[in-house]
Amino acid sequence: DAMVIQNPRYQVTQFGKPVTLSCSQTLNHNVMYWYQQKSSQAPKLLFHYYDKDFNNEADTPDNFQSRRPNTSFCFLDIRSPGLGDAAMYLCATSRQTGTNEKLFFGSGTQLSVL
Amino acid sequence: AQSVTQPDIHITVSEGASLELRCNYSYGATPYLFWYVQSPGQGLQLLLKYFSGDTLVQGIKGFEAEFKRSQSSFNLRKPSVHWSDAAEYFCAFGGYQKVTFGTGTKLQVIP
């Protein structure tokens, strides 16, 4: 089945130690998104790629970066994780960028910062 | 500014009972409206969406939602809840440039 896959399911890192989360998709969608979801809060869009074009949300901290080396893969890099960055990170895809597009989500990576 | 509100953080219903989850939005025009469901340990899955036309929308798993422009609402309903419906439900809307999610409603189903 075509899907969005996130690895690992759980990630533990140390305060200030860089960490990378990965996402892959077999849907051949043009757009890939990264959302941050904290407990009892709405998923918050960090940034998205339309093909190779990177679009950063205005309030996304500089500490968060992303790479999309090809259509299938997208990475979230947290350069110096703080305690406040502990959250579920969701990767999603859509065919196009319109806000009427259905989003396809991975199962998420739960990040803990010690 | 665009926003979406889910006033109920947590709802408990008995299996077989009816369900209604509330969603209100604030936007200057008619938005694209969605309901997503997140089961424990899973990503979000689209239940249904509304763009235009018939204001009563049918979705998967027996869910439906009704768009009411006068109330700026898009409430989710199900006539008879199953234990497998226990999950977190997110209302979302597509406005200018991005999709905005509500804070979610956690549904507990008791026997």
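Here, each number is a calculation from the coordinates, and none is a lab measurement. Just so you know, these numbers come straight off a predicted model, no measurement behind them. In this analysis, Cβ positions are derived from the backbone assuming ideal geometry, glycine residues included, and neighbour counts consider all displayed protein chains.
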Sorted from fewest to most neighbouring beta carbons within 10 Å, what does the list B:GLU15, A:GLU101 look like?
B:GLU15, A:GLU101
Once label points are set 7 Å from the Cα along Cα→Cβ at both A:ASN7 and B:HIS10, what is their separation, rounded to one decimal in nm?
3.6
Residue mean of other protein chain beta carbons inside 10 Å, A:98-109:
6
Evaluate peptide A:38-47: per residue, the Cβ atoms of other protein chains within 10 Å of its Cβ; return the mean as an integer.
4
The set of residues whose placed amide H lies less than 5 Å from the amide H of B:THR103, leaving out same-chain residues fewer than 5 positions away, is B:GLN6
More than 20 Å apart - percent of Cα-Cα pairs taken over region A:4-109
33
Simple Cβ-charge dipole of chain A, Lys/Arg +1 and Asp/Glu -1, about Cα centre, in debye nearest 20
200
So what is the relative contact order of chain A, in percent, for Cα pairs below 8 Å that sit 6 or more residues apart?
38
For B:THR103, what is the net charge nearby, where nearby means another residue's Cβ is under 14 Å from its Cβ and Lys, Arg count +1, Asp, Glu -1?
+2
FRET efficiency for B:LEU56 and A:THR60 from the Cβ-Cβ distance with R0 = 41 Å, rounded to 0.05, comes out at 0.65
Mind running the shape call on chain B? Use the C-alpha gyration tensor, a ≥ b ≥ c as the square roots of the eigenvalues: rounded below 1.5 for a/c, prolate if a/b tops b/c, oblate otherwise.
prolate
antiparallel share of DSSP beta bridges within chain A, to nearest 5, in %, is 90
Computed over chain B, the relative contact order (Cα-Cα under 8 Å, seq sep at least six) in percent reads 37
